[in-house]
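> Encoded as structure tokens, here's the structure I'll be asking about.
The values are calculated or read from the model by the stated rules, or taken from the named source; none is laboratory data. Only a predicted model underlies this, so the values are computations on that prediction, with no experimental measurement involved. Positions of Cβ are backbone-derived with ideal geometry, glycine not excepted, and every protein chain shown enters the neighbour counts. Side chains are part of the model used for accessible areas, which takes the heavy atoms of the whole protein and leaves out ligands, DNA and RNA. Shrake-Rupley method; radii C 1.70, N 1.55, O 1.52, S 1.80 Å.
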Amino acid sequence: MNYLRILIGAGLAALVTTGLFYLMPLLIEMADKTLDEKPATKIADITMPDREIEANTKDPKPDKPDDPEEPPPDLDQPEIDDVDINPDAVNMSPNMNTNVNIGLGNGLGGADGEYLPIVKVAPMYPRRANSRGIEGYCTIEYTVTKSGSIKDPVAVDCQPKGYFERASMKAALKFKYKPRVIDGEAIDVLGVQNRFTYELEK
């Protein structure tokens, strides 16, 4: 029985194989022959030219400059004459003439170690007074502290009022004094007055 199945299978396989041999030429004849008539596209050959690449792995060191034969001559120091510094000098604004007068007020004393002004700063001319051509003065009263600084400035006499008080107090706070010293100890000086005069250049 098994031999019979093998013979039947071999016969069917032979028939299928024979049929395929006859079917393949028929399929080729039935194919679209216009595809063979189209010109074939040739792919261009890309070639790279041979190049030699030089790699510089070391940078040449610059030549060391020659040592100077002689060192440069020393520059002459300018001779400066003795400068007479005026402690009453103040910074002036270009469009005004501001006079700063220091009054000793109630703190005047004749003993050694009395307080002395070191730095005095001129106030900025108030813009509102400058634009209106207003001139005047303002007296500020303050305390010279143990360290020589200013505290508690108060405008006590200003004419015309409402123009020069703020600028005067701001400038007074920048004053520096040598403090009063009594028995080797610095003390505060109350009631020191300074009058700022505001005058425009004519």
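> Quickly run through segment 135-184 and pick out the residues that are more than 17 Å from Pro117 (Cα to Cα), open to solvent by less than 70 Å² (accessible area, probe 1.4 Å) and more than 35 Å from the chain's Cα centre (by Cα).
Answer for segment 135-184, where residues must be more than 17 Å from Pro117 (Cα to Cα), open to solvent by less than 70 Å² (accessible area, probe 1.4 Å) and more than 35 Å from the chain's Cα centre (by Cα): Glu135, Gly136, Tyr137, Cys138, Ala155, Asp157, Cys158, Pro160, Gly162, Tyr163, Phe164, Glu165.
> Surrounded by fewer than 17 Cβ atoms within 10 Å (Cβ to Cβ) and without any contact (Cβ under 8 Å) to a residue 24 or more places away in the chain: does that describe Arg132?
yes
> Same structure again: Has segment 98-119 got at least one residue that is at pLDDT 95 or above, open to solvent by 20 Å² or more (accessible area, probe 1.4 Å), assigned to a strand (DSSP E or B) and in contact with a Ser or Thr (Cβ under 7 Å, 6 or more places away or on another chain)?
For segment 98-119, residues at pLDDT 95 or above, open to solvent by 20 Å² or more (accessible area, probe 1.4 Å), assigned to a strand (DSSP E or B) and in contact with a Ser or Thr (Cβ under 7 Å, 6 or more places away or on another chain): absent.
> What number goes with the only condition from (1) open to solvent by 70 Å² or more (accessible area, probe 1.4 Å); (2) more than 43 Å from the chain's Cα centre (by Cα) that Arg195 does not pass?
(2)
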